[in-house]
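Novice: Quick one: the structure is below, questions incoming.
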Amino acid sequence: MFILLAAATLPAQQDQQPRKVDPGEPGKAPSDAVVLFDGADLTKWRSGDGGPAGCQVEYGDMVCRTGSGNVFSRDEFGSAQMHVEFNVPFMPSEKDQGRGNSGFYIQGRYEIQILDSYDNPTYPVGQAGALYDDHAPLVNASRPPGEWQSYDIIFHAFQCDPQGNILRRGTLTVFHNGVLIHDNVPIRKVHGACIQRGPIMLQDHAFPGAPITVMRFRNIWVRPVDDGGVSTIRGQTGIGRGGR
Ligand code: MG
């Protein structure tokens, strides 16, 4: 009798078979992912003013040179699993933040730093994998410049009430090249008004006199996560298409 009662009070999800997801071959996106870049074209990306992205597709890579401008995903996302692969150039004449600098910005505002941090000391909250100016990575799992690297990110979005007050702080878990570098940390520094969806942004770390940096990206995908928050729509995937 106790067992029957316990089963009856379980959340419905526990009574259902999980839906199938084809994880795909290594280097490919899972079958239910929103694929933002798979080597073909940049139709899923835009510039800051809504025009075409300033990066180029070369031999299946998204290539972004200094001065080409930040690029934004046309889709906007709330809570999600995200994957990106990147390749920073070797710039031995530069150091610190001047060497191979870009960034993967969640909701266009929370930067997971992309930097050559293999043998290039900088401040901890500014090195590769840092949530910039907020959380240093637990370890430095960088590969040498010129080699492909990856971030796998689990982001739980801020939840806001209709007045824009924060009901729940956003959190991050991040793996750098498969190594855990953020373990469900709360985002401490809130940037701007509380939003529940936003685009991914790839940073053009341009400034007057900046050296030309050639960043390469590939295999970028997102799986929206239904975490029960008000930013998600139960029973649907591919949320975040219609703006915040
Ligand atoms: Mg950066």
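The values are calculated or read from the model by the stated rules, or taken from the named source; none is laboratory data. None of the values given here were measured: they were computed from a predicted structure. Note: ideal-geometry Cβ built from the backbone for every residue, glycine included; neighbour counts use all protein chains shown. Heads up: the accessible areas ignore ligands, DNA and RNA and are worked out on the full protein's heavy atoms, side chains in. Shrake-Rupley method; radii C 1.70, N 1.55, O 1.52, S 1.80 Å.
Novice: What translational diffusion coefficient, in µm²/s and rounded to a whole number, does the Stokes-Einstein relation yield for segment 38-224 at 20 °C and a viscosity of 1.002 mPa s, taking the hydrodynamic radius as the Kirkwood radius over Cα pairs?
Specialist: 129
Novice: With θ taken as phi - 60° and the coefficients 6.51, -1.76 and 1.60, list the Karplus ³J(HN,Hα) couplings across segment 76-81 in order, rounded to whole Hz; mark glycine and proline as x.
Specialist: For segment 76-81, the Karplus-derived couplings read 10, 10, x, 4, 6, 9 Hz, x marking Gly and Pro.
Novice: In segment 38-224, what percent of the accessible surface is made up of carbon and sulfur (1.4 Å probe, ligands and nucleic acids excluded)?
Specialist: Accessible surface attributable to carbon and sulfur in segment 38-224 totals 51 percent.
Novice: Tell me the per residue accessible area of segment 38-224 using a 1.4 Å probe; a whole number in Å² is fine.
Specialist: Value for segment 38-224: 42 Å² per residue.
Novice: Let me ask something else. Sorting check: for 70-79, 136-145, which peptide has the highest mean count of neighbouring beta carbons within 10 Å, and how do the rest follow?
Specialist: Result, highest mean first: 70-79, 136-145.
Novice: Using a Förster radius of 45 Å, what is the FRET efficiency between ALA193 and ARG65 based on their Cβ-Cβ separation? Nearest 0.05, please.
Specialist: Once rounded, the FRET efficiency stands at 0.90.
Novice: For segment 21-129, I need the span (max minus min coordinate) of the C-alpha atoms along each principal axis, in Å, sorted largest to smallest.
Specialist: Ordered largest first, segment 21-129 gives principal extents of 42, 31, 29 Å.
Novice: For segment 175-181, just list the computed ³J(HN,Hα) in residue order, Karplus coefficients 6.51, -1.76 and 1.60, θ = phi - 60°, integers in Hz, with x standing in for Gly and Pro.
Specialist: Couplings: 10, 10, 6, x, 9, 5, 10 Hz.
Novice: Amide H neighbours of HIS182 under 5 Å, counting only residues 5+ apart in sequence or on other chains, H built in-plane at 1.01 Å?
Specialist: LEU138, VAL174
Novice: At 37 °C and 0.692 mPa s, grab the translational diffusion coefficient of segment 153-213 from Stokes-Einstein with a Kirkwood Rh over Cα pairs, rounded to a whole number in µm² per second.
Specialist: Approximately 235 µm²/s, per Stokes-Einstein.
Novice: A further question follows. Need one word for segment 110-162: rounded, prolate or oblate. Basis is the Cα gyration tensor (sqrt eigenvalues a ≥ b ≥ c); a/c below 1.5 gives rounded, then a/b vs b/c decides.
Specialist: Because a/c hits 1.5 or more and a/b exceeds b/c, segment 110-162 counts as prolate.
Novice: Between VAL57 and GLN81, how high is the FRET efficiency from 1/(1 + (r/R0)^6) when r is the Cβ-Cβ distance and R₀ = 22 Å? Nearest 0.05.
Specialist: The formula returns an efficiency of 0.35 here.
Novice: Let me ask another. Among GLN56, SER79, GLY69, pick out the residue whose Cα is farthest towards the positive end of the charge dipole of segment 38-224, where Lys and Arg carry +1 and Asp and Glu carry -1 on C-beta, about the Cα centre.
Specialist: Selected residue: SER79.
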